[in-house]
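What follows is a single structure, written as structure tokens, with notes after it.
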Amino acid sequence: MAYKNHRHEHDKGFLAELRWLWKIRTFWQTDLNRAIIEMASPGPGERGLDVGAGMGAATVLAARRGAHVVAVEPGGTMRLVCRMRRLAQRARRRIVVEAGVAEDLPLAGGSTEVLWAGNAMHHWVDHEAAFAEFARVLSPGGRLVLVDEDYDDPGHPDHVKFAGHEAALTPVDVLTIAAAMSGLGLEATGSHESVAGVPAKVVRAVKPV
């Protein structure tokens with residue numbers, strides 16, 4: 001059954017999404033994407049899932065490492081860019097781009113060995129539903145890494161510009177998230193740490209074998 005109660009920032013129609021094209025240089029590739037892929041460490045032949053893939057920055061990095069990646073993105077413009085980007089990749093046969101949201105993933109249960117998301121947690125409008133989906137799609141032994149930059153930390157270089165932006169979206173408390181995932185049978189931890197040189201909120205989890 002499709003998840004009907006979402007209203008993601010990147011899912012508000014074509015005209016609203018055009019503004020993201022002005023930021024294409026920012027979203028095309030970042031140190032954060034590289035760091036997340038290093039943390040998730042998708043390997044050759046592994047089945048990966050990029051939740052809120054955007055323009056596919058982390059997706060293409062994972063595919064270049066040999067992983068087979070499903071890039072799930074709610075925004076039509078972002079998906080279009082991601083699909084065009086896929087065509088330019090030597091690893092394009094290892095990339096599939098799908099419409100979807102964290103709360104209703106278009107994947108079969110147990111189909112994912114490594115899942116990651118960058119700067120996406122605060123966009124998920126129903127964390128309980130999203131985490132249940134992660135637990136469903138992860139295979140036994142599967143792992144996930146979720147990272148959101150912590151703009152509320154005064155040490156973040158964009159603190160003044162973006163502090164408090166989660167107030168209009170979904171607050172991200174890594175300890176609460178880790179506890180929720182543990183309640184779903186995952187072995188989860190939440191932490192505040194530096195990722196790619198900026199303060200970040202990090203959640204890691206593994207599905208027991």
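Could you please report the charge total around Val147, scoring K, R as +1 and D, E as -1 over all other residues with beta-carbon less than 14 angstrom from its beta-carbon?
It works out to a net charge of -4.
Return the sequence-ordered ³J(HN,Hα) values of region 55-65 in whole Hz as given by the Karplus equation 6.51 cos²θ - 1.76 cosθ + 1.60 applied to θ = phi - 60°, using x for Gly and Pro.
7, x, 4, 6, 4, 5, 5, 5, 5, 5, 7
Roughly speaking, what is the centre-to-centre gap between region 157-177 and region 117-131 when only Cα atoms are used, to the nearest Å?
A separation of 13 Å, based on Cα centres.
Enter the mean projected area of the convex hull around the alpha-carbon atoms of the chain, in nm², rounded to one decimal.
Directional mean of the projected Cα hull area for the chain stands at 10.8 nm².
Using the Karplus curve 6.51 cos²θ - 1.76 cosθ + 1.60 with θ = phi - 60°, what ³J(HN,Hα) values do you get for each residue of region 117-129, in whole Hz, with x for Gly and Pro?
Computed from phi, the couplings for region 117-129 are 8, x, 6, 10, 3, 6, 8, 6, 7, 9, 4, 4, 5 Hz.
For every other residue with a beta carbon closer than 13 angstrom to the beta carbon of Trp116, add +1 if it is Lys or Arg and -1 if Asp or Glu, then tell me the sum.
So the surrounding residues net to 0.
The numbers here are math on the coordinates, done by the rules we state, and not lab data. If you're wondering where the values come from, they're calculated on a predicted model, not measured in any experiment. Positions of Cβ are generated from backbone atoms using ideal geometry, with glycine treated the same way; all protein chains shown enter the neighbour counts.
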